[in-house]
Amino acid sequence: MDKYANNKNTPLSTKPHYEILDGLRGVAAVMVVIFHLFEAHSTSRFAQVINHGYLAVDFFFVLSGFVIGYAYDDRWEKMTVGQFFRRRLIRLHPLVVMGMVIGAALFYVGGSAIFPLINEIPVWKLLVYMVLGIFMIPMPPSMDIRGWEEMYTLDAPSWSLFYEYIANILYALFIRKFSKKALAVLVFLAACAIIHLTLTTTGDVIGGWSFDAKHLRFGFTRLAYPFLAGLLLYRTGKIIKIKHTFLWCSLLIITVLSIPRIGGSEHVFLNGLYESFCIIIVFPLIVLLGVGGKIEGKKTSQICKFLGNISFPLYITHYPIMYLYIGWISDTHHTFVEALPVALLVIVSSIVLAYICLKAYDEPVRRWLNKMNHILSTYRHIVK
C-alpha cells in the first residue's frame, strides 16, 4: 500500500505539504544566495568558498520529482493534461514573470566593468528580452545583452525553470504512465549519465544556463536523474525516521553545499565522484528523511513554513540584486571581508524582496488565477 496515498481530495484541491521538505527547500535557497555572494569574489571554480552551492538546483529537482508524484500521481483518472498544465503554470509562472520584471527594472543600474554591454542596449531591446523571458523563450549566446551568455539574461536562475517545465511536460505526457520497474531502469541510466558527465568534463555539474549544445547536455543530465529519482522515491513509499529531522537534514544540506572543491585542478575526477555521490545518494536520502520526519515544536513548524514560503520567491528574484553586487565588486575589487556589510545587506534585502513578492504579488495572483481556473473548469463541465 502506498504510504502517501491517503488524501482523497478532488483533482483541483491542494494536498497537505510536507513541512520539513518545504523548510529544507528554503535552507537550500538561502545557501544559493550565499554561494552567489562568494562567487562574486572567486577567481575560479577551484578557489570558490561555499563551493558546491550550485548543487542546490539538483536537490530542487529531486524535491520536484517527489512532490509532483505525491500531488498528481493518483489524480489522473479525474484530471486532464490541460488541468495539470494550468495548475503548474499557476504555481510557478507568476514569480517567473516577477523575476523578469525585476531584472529589467534593475538592468541599467548594473552597468559595470564586468557587464560592459549593458550601457549599449536600447530600452526597446531590453523590453523585448523581458517579454521573451516572461514567455520562457530561451535566448542563444549570440543574443546576449549582458556578457555572460545566459539563456535568460535578465534573471539567470530562470534557466532551471526551463528544465522544470520540460520535466512537467514529459511527466504529464509520458512519465506518469511508466511502471516502477521502467522508472527504475531510467533512474539507473540517468545516474550513469551523471557519473559520466562529472568524470569526462571538468569534474562538476556546473552548467545548464546557456542555450547551446554544451549547456543543454549539462541541463538535461542534471534534470533527468534527480527528477526521476524523486518520482521513484514517492512511488516506492519508503521513508526513514530519525529524531530532530529538520535540524540534521538542514545541517547535512549546508555541509554538502559548503564543502570546498575536492582534488583541485589536477584531480578533477575526485570532485566529480563527490558531486555524483551527493546527487545520486545524499539528496534522495535527505528527501526520505524529510518525508519520514516529524515537526517537533511550534517554532520549528513556523521556521519550516516561512522558509518553504520564501524558497521559490527567494531563488527566482535574488539574482537581479546579485548582478548589482557582482558589478560593484568588479569595479571596487573589495575582498569579501571588506564587502561583508554590503553582502549581509544583499542577503537581507533578497529575503525581504522575496517575502514582499510572495505576499503582495504571488499569493494574491495565484488565488485569482485558481479562482478563474475553477470557474473555467466548472463551465466546461456544465457545457459537456
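The values are calculated or read from the model by the stated rules, or taken from the named source; none is laboratory data. Just so we're clear, the structure is a prediction, and the values are computed from it rather than from any experiment. Note that each Cβ is placed from the backbone with ideal geometry, even for glycine, and that neighbours are counted across all protein chains shown.
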Residues satisfying the stated conditions in the stretch 170-187, i.e. within 14 Å of Ala224 (Cβ to Cβ) and surrounded by 15 or more Cβ atoms within 10 Å (Cβ to Cβ): Leu170, Tyr171, Ile175, Phe178, Leu183, Ala184, Leu186, Val187
Of these, Ala156, Ala167, which one is assigned to a loop (DSSP other than H, G, I, E, B), of a type in the set (A, V, I, L, M) and at pLDDT 95 or above? Ala156
Looking at Ser210, is it surrounded by 18 or more Cβ atoms within 10 Å (Cβ to Cβ), closer than 16 Å to Leu55 by Cβ and of a type in the set (Ser, Thr, Tyr)? no
Output the number of residues of the stretch 41-58 satisfying the condition of being under 20 Å from the mean Cα position of the chain (by Cα) and not hydroxyl-bearing (Ser, Thr, Tyr). 8
Can you find a residue that is in contact (Cβ under 8 Å) with a residue 40 or more places away in the chain and of a type in the set (Val, Ile, Thr) anywhere in the stretch 332-343? yes
